[in-house]
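Please treat every number below as a calculation from the coordinates, not as lab data. Only a predicted model underlies this, so the values are computations on that prediction, with no experimental measurement involved. FYI the Cβ positions are ideal-geometry reconstructions off the backbone, even for glycines, and counts take in every protein chain you see.
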């Protein structure tokens, strides 16, 4: 006899465990013996299934009213358990006959109490009203009555874990006036009723009519549909729309983590496209030139930052002070930021070199007659070559000048030693650093983010700053620290930071990686690589089911976190949106060919 044979109806219970050698001696090995536990023991309160234990409960009592989704806290419990719901229809004609007798009994009790002059019994009055209302609804076919059995089986490694889970389940349900009992001396029947055989052997029922029965519906999921915001995607569990407004949260930041090719840039472009419809300005730092076509399609601006580009940003530009800021504080803060830039450019600075650079920057501004009393909007800022000249005149600056010369002479001078000629006064602006050498990308991203930050502080508007492949900025402590400060301070300036990275481990290796994630109210996890999934699971407290969901997700699928809620999401775009935001090389090539054919056709006509 196999393990599962003992769950057949009318089979005597053998308390002694069935051991593998008995199957071997029988000489018969079937599929059910392979998937069955190595041993099984049934006790009055639980069943031992090999190295797991299971305990089954049934609901014995419900309150007068059941609220919607009262069962969802149990369904969303981070525990291993099974739920079985049996619904047996009851013949309406039979119920109406019983109700007629019951109404007569209750009415008689009420009249007897009145004749005796006793105080009115509210429980009798309520029962009479409920029965009459239900009888009317049954008579009019607005309701039906059912025998409902609700059974829950919980699992654990030992009795202590079962007791803890039992206590948690009971406390959740009893807070809603719903009471459960363990199936004492009926654990076999309870377990057999819960496993997917469709047999209601436990046979413990409560009568529920249609309305409260609908509230037991077990397939629940967090709902992220709000009255305002943009469409991020579709909830994969219940097909509801994930509509959300990042500017309604405590901060406006987001983090997107995914492996290459999982659709993270596609999802981000879709969010940008829809965000632009709600009077929000969007600025993108693009390391792969993926957003250029999108900027052209919607009338934005695209700046290619490279050694030979015509677009330049002078890091010595001073931000214009706001009304609530003093010029002295702005100048001091900008000098500190420039010292951080030189740490990146020069491969680190010693304590003496740090002080020397700080002094040289101050004297460079003084050389241009720039003081705290100057009007920063009308001054002509110095260039890198001016700083080099000052540094060369300081004792101990010779070594620094040699290391700096590559930025002021030769091909590298075209990148950083030029006046600013970039204007970001558009709703959608993209800075591309794809053509910048890898060695200079952290420097370029640092300069660009500071330039953007100065523009944001100058004029308060609703903005979104997207930093794609943010792991480039996490390579340097100064750039990572500045990104973290943006994440913390952006809310005061109506700015949301959208950080995107495919290299999760490099991002988290920085001491600022985890703080940036925790300072983001929205987190989007798309398909993950096996090498990084354990780190992601630990940081986001994912269940094993959610972990495997991320490993097996298709392109554009994953988990969307907003505050304490999270749902499985699928990103969906319309045809027109897809044509604008696609990163698929074959699609882009087809679009270009179609444009070329259209141009040839127009010229021939």
Inter-label distance for residue 355 and residue 31, nm, one decimal - labels placed 7 Å from Cα along Cα-to-Cβ: 8.0
If we count other beta carbons within 10 Å of each Cβ, what is the order of 387, 494, fewest first? 494, 387
Stokes-Einstein translational diffusion, segment 464-568 - Kirkwood Rh over all Cα pairs, 1.002 mPa s, 20 °C, in µm²/s: 150
Determine the principal axes of the Cα atoms in the chain, then give the extent along each, sorted from largest to smallest and rounded to whole angstroms. 106, 73, 67
Kindly state, to the nearest 0.05, the FRET efficiency for residue 438 paired with residue 79, given R0 = 41 Å and r defined as their beta-carbon distance. 0.30
Run the numbers for residue 534 and residue 514: contour at 0.36 nm per residue of separation, minus the present Cα-Cα distance, in nm. 5.7 nm
Give the distance, in whole Å, between the Cα centre of segment 160-190 and the Cα centre of segment 126-153. 26
Pull out the extension gain between residue 60 and residue 322, defined as 0.36 nm times the separation in residues minus the alpha carbon to alpha carbon distance; nm, one decimal. 87.7 nm
If I take every Cα pair under 8 Å that is 6 or more residues apart in segment 437-585, average their sequence separation and divide by the length, what percent do I get for the relative contact order? 18
Considering Cα pairs under 8 angstrom that are at least six residues apart, work out the relative contact order of the chain and quote it in whole percent. 16
Using alpha carbon centers only, segment 480-498 is separated from segment 549-582 by a whole-angstrom value of 24
Taking neighbour counts of Cβ atoms within 10 Å as a proxy for exposure, in what order, fewest first, do 240, 262 appear? 240, 262
The FRET efficiency for residue 375 and residue 274, from their Cβ-Cβ distance with R0 = 41 Å and rounded to 0.05, is 0.55
Note down the relative contact order for segment 229-277 as a percent, whole number, built from C-alpha pairs under 8 angstrom at least six residues apart. 33
What number results when the radius of gyration of segment 155-199, computed over Cα atoms, is divided by 2.2 N^0.38 Å? 1.31
Rounded to one decimal in nm, the spacing of the 7 Å Cα→Cβ label points at residue 51 and residue 195 is 2.0
For segment 305-449, the fraction of alpha-carbon pairs in successive 10 Å shells from zero, as %: 11, 41, 36, 12, 1
Apply 1/(1 + (r/R0)^6) to the Cβ-Cβ distance of residue 572 and residue 385, taking R0 = 45 Å, and write down the FRET efficiency to the nearest 0.05. 0.30
Which whole-number value in Å³ per residue fits the convex hull of the alpha carbons of segment 87-151? 96
Pairwise label distance in nanometres, residue 120 with residue 140, each label 7 Å out on the Cα-Cβ vector: 2.4
Per DSSP H run of at least 4 residues, take -39500 (n - 2.57); add these up for the chain, divide by its residues and hand me the 222 nm value, nearest 500 deg cm²/dmol. -12500 deg cm²/dmol
